[in-house]
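See structure below.
The values are calculated or read from the model by the stated rules, or taken from the named source; none is laboratory data. Not measured: the values here are computed from a predicted model. We place every Cβ from the backbone using ideal geometry, glycine too, and count neighbours over all the protein chains shown. Each accessible area value is taken on the protein alone, full model and side chains, heavy atoms only, with ligands, DNA and RNA left out. Shrake-Rupley method; radii C 1.70, N 1.55, O 1.52, S 1.80 Å.
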Amino acid sequence: MDKSTPKPAPSSTDQIQNALDRLLAIDPYLKPYEKIILRRLSKISAAESHLTGDKMTLADFASGHEYFGLHHRNNQWVFREWAPNAENIFLIGDMTDWQEEEAFSLKRLDNGVWEIRLPPDTFKHRDLYRLRIHWPGGKGDRIPVYARRIVQDSTTLIFNAQVWLPKSSYQWQFPEFRRPTEAPLIYEAHIGMSQEEERIGSFREFTKNVLPRIVRSGYNTIQLMAIQEHPYYGSFGYQVSNFFAVSSRFGTPEDLKALIDEAHSAGLAVIMDIIHSHAVTNETEGLSRFDGTLYQYFHDGPRGRHTLWDSRCFDYGKHQVLHFLLSNCRFWLDEFHFDGFRFDGITSMLYLHHGMNKAFTTYDDYFSDDVDEEALTYLALANKLIHNLKPEACTIAEDVSGMPGLAATMNNGGFGFDYRFAMGVPDNWIKLIKEVPDENWPLGHIWHELTNRRADEKTISYAESHDQALVGDKSIIFRLIAEDMYDHMRIGDETIRVDRGMALHKMIRLITLATAGAGYLNFMGNEFGHPEWIDFPREGNNWSCKYARRQWHLVDDPNLKYQFLARFDHDMIALSKKFKLLDAPGPNLLYEHSDHKIIIFERAGLVFAFNFHPHQSYSDYRLETPAGTYRMILDSDAPEYGGHNRLVAGQEHKTSFDIVADRQFHLLSLYLPSRTVLVLNRL
């Protein structure tokens, strides 16, 4: 072949094989499952070709929200819906006095699509509407699938779609914002419970009162929960009914856009929890039995129901379902400028058993017939779509199973998530605190749990998220201090339980951050040890919001100790950013002594020395390190963190030289107070 002739581009088959080869090179233990992995990767490529017909991009395909639903275009209203089992569909609402009218009867097109075109004066801003669908043997009212605004009547509690056509569209102030390339330091937040009063908070209140706190705290990413419309507030946003609608209980779409815009102005990325793992069973408000069938969007029969969650399970093998879900991903990126997603309930999606009562102990668990390969295909396509639309976007998988390749790049044989949550870390902390006195904590086991992760995948660690604080469970601080939080958190009121709890709270959070793979997460308020649990209003608590709020006055009160925990959290986040801790390889274990309760490791040129012993302090504790001078830059025992001030701020330590058995050592000698962590920087 002439050297000037360009080489042919590699075929899809070649690309898949090359990706598989790279995956097996990274993890040879996957070799026995080579054929299964090849089949899965081939399914992804075939699905994309099928969806796009090789005539359009995946992004072009994922534009169903611009075709379906209600739109005002070219001086007319156009509404479309996919309902293949329907025999007749009427638009009803304020414009028809909620009666069926022939002028508002939709016309059936091809492939189960229905359409109606109406004059420009048919609707006005804030009009309410819904569908009345007739099917063989029955009929029912339904909220349109692609509706972008859903409101609930405060008296009747009935939900309806609402025409949303404000006089002027939102004008973005920072449309060119790009997510920072640094490791994500995530502040997980819920709009409704973010305010102090016993009621549901709003986007505007969050922007005014909470966003500045997050900015000051140093976190660089906000993860917003419960954005998609959900009929039951107490579901924490995880029982979604209307996938394209912003939850109206928090405000308007413009209010959410202003929140995101303001966060971008401060340099913070905003990602959202996206719920594509299941949907509510509600029929009027949701997708279930939308056109009279149970299998329009979901699997038919038992496979279509999640018995533990009492929800519906999507059929990811359907062309129309993929169109709906992929369009949903694009909608939130395009319309609201989100910077990525945390995909909830991945384990439930990936396995036919949904991970219920299942321990994942061998690789066989990931390659059995229990894996839903169609769901895996959808997740890979969603990641490809998201990163094609916004290359800097962040996608996170909430998967407890440890499915190999989930957070590996597609070029490396993976499924394209940027990160996965290290979900075993918080579970391990809660188990230890509940079952083992801290004087017996096995440090080797803790180290293993903190650092056990796949080399080819980035992970985000956390000591606790919202999951660990729900009613029936307890936050870390509440498990450590219990009822003493009510009576002994005032400065000057010293108790052993509070002292222990605050010391361990700081140490647990720093060791979790410092050993994290590539990111760290904190749930709103936990940084300062917010007391009690989370319990949303429900019949069992007389519909009270008492435990579905954040008591910011506790951390603001100069007479209380919560400020110390908040200050320590701020400074450890600042340290992480200054030294690019989570961008550095490691951590590297230097020393561990379970009996002494000492664990020391190095990362990003810093030495982290933890003494978890409840009462034993050590003077002149010797440690082998590279030669040099080390300055203490963080000390959890400092008075500004509520400590006992047993160390000298900024103290410097020089290594000494020793020879043992013809081996040369450089030794650092440290004073390690009980229940204290200190961080040293080599000068």
When the range 29-68 is checked residue by residue, the ones that are part of a helix (DSSP H, G or I) and either in contact with a strand residue (DSSP E or B) (Cβ under 8 Å, 6 or more places away or on another chain) or among the hydroxyl-bearing types (Ser, Thr, Tyr) (or both) are 29, 33, 42, 45, 49, 52, 65
I'm trying to understand the selection: among the residues of the range 226-250, which are surrounded by fewer than 23 Cβ atoms within 10 Å (Cβ to Cβ) and either closer than 12 Å to residue 194 by Cβ or of a type in the set (D, E, K, R) (or both)?
249
Residue count, the range 549-576, condition of a type outside the set (Asp, Glu), within 23 Å of residue 637 (Cβ to Cβ) and either part of a loop (DSSP other than H, G, I, E, B) or open to solvent by 70 Å² or more (accessible area, probe 1.4 Å) (or both), comes to 5
The residue from 240, 246 that alone is modelled with pLDDT of 95 or more and more than 20 Å from residue 379 (Cα to Cα) is 246
I'd like to check something: does the range 409-423 contain any residue that is open to solvent by 20 Å² or more (accessible area, probe 1.4 Å), over 27 Å from residue 317 (Cα atoms) and charged (D, E, K, R)?
no
Condition check: open to solvent by 10 Å² or more (accessible area, probe 1.4 Å), part of a helix (DSSP H, G or I) and either over 29 Å from residue 69 (Cβ atoms) or out of contact with any Gly (no Cβ under 9 Å at 6 or more places or on another chain) (or both). Does residue 369 satisfy that?
no
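Quick one: how many residues across the range 140-157 are in contact (Cβ under 8 Å) with a residue 60 or more places away in the chain, open to solvent by 40 Å² or more (accessible area, probe 1.4 Å) and either outside any strand (DSSP E or B) or farther than 19 Å from residue 227 by Cα (or both)?
Just the residues of the range 140-157 that are in contact (Cβ under 8 Å) with a residue 60 or more places away in the chain, to begin with: 140-152.
Then keep just the ones that are open to solvent by 40 Å² or more (accessible area, probe 1.4 Å); that gives 148, 152.
Now restrict to residues that are either outside any strand (DSSP E or B) or farther than 19 Å from residue 227 by Cα (or both): 148.
Adding up the residues that qualify gives 1.
Look at the range 223-270 and say how many of its residues are among the acidic types (Asp, Glu) and touching a helix residue (DSSP H, G or I) at 6+ places or on another chain (Cβ under 8 Å).
Residues of the range 223-270 among the acidic types (Asp, Glu): 229, 254-255, 261-262.
Filter once more, keeping what is touching a helix residue (DSSP H, G or I) at 6+ places or on another chain (Cβ under 8 Å): 229, 255, 262.
Of the residues in that region, 3 qualify.
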Residue in the range 55-62 that is out of contact with any Gly (no Cβ under 6 Å at 6 or more places or on another chain) and modelled with pLDDT under 95 present:
yes
Cβ-Cβ under 9 Å, sequence separation 6+ or interchain: first residue in the range 42-56 and within 14 Å of residue 379 (Cβ to Cβ), partner open to solvent by 50 Å² or more (accessible area, probe 1.4 Å) and modelled with pLDDT under 95. Which pairs?
44/410; 48/54
Residue pairs qualifying under the 7 Å Cβ cut-off, at least six apart or on distinct chains, with the first in the range 223-239 being within 15 Å of residue 545 (Cβ to Cβ) and in a loop (DSSP other than H, G, I, E, B) and the second being at pLDDT 95 or above and hydroxyl-bearing (Ser, Thr, Tyr), are 226/247
Out of 385, 376, sole residue that is part of a helix (DSSP H, G or I), among the aliphatic types (A, V, I, L, M) and farther than 24 Å from residue 225 by Cβ
376
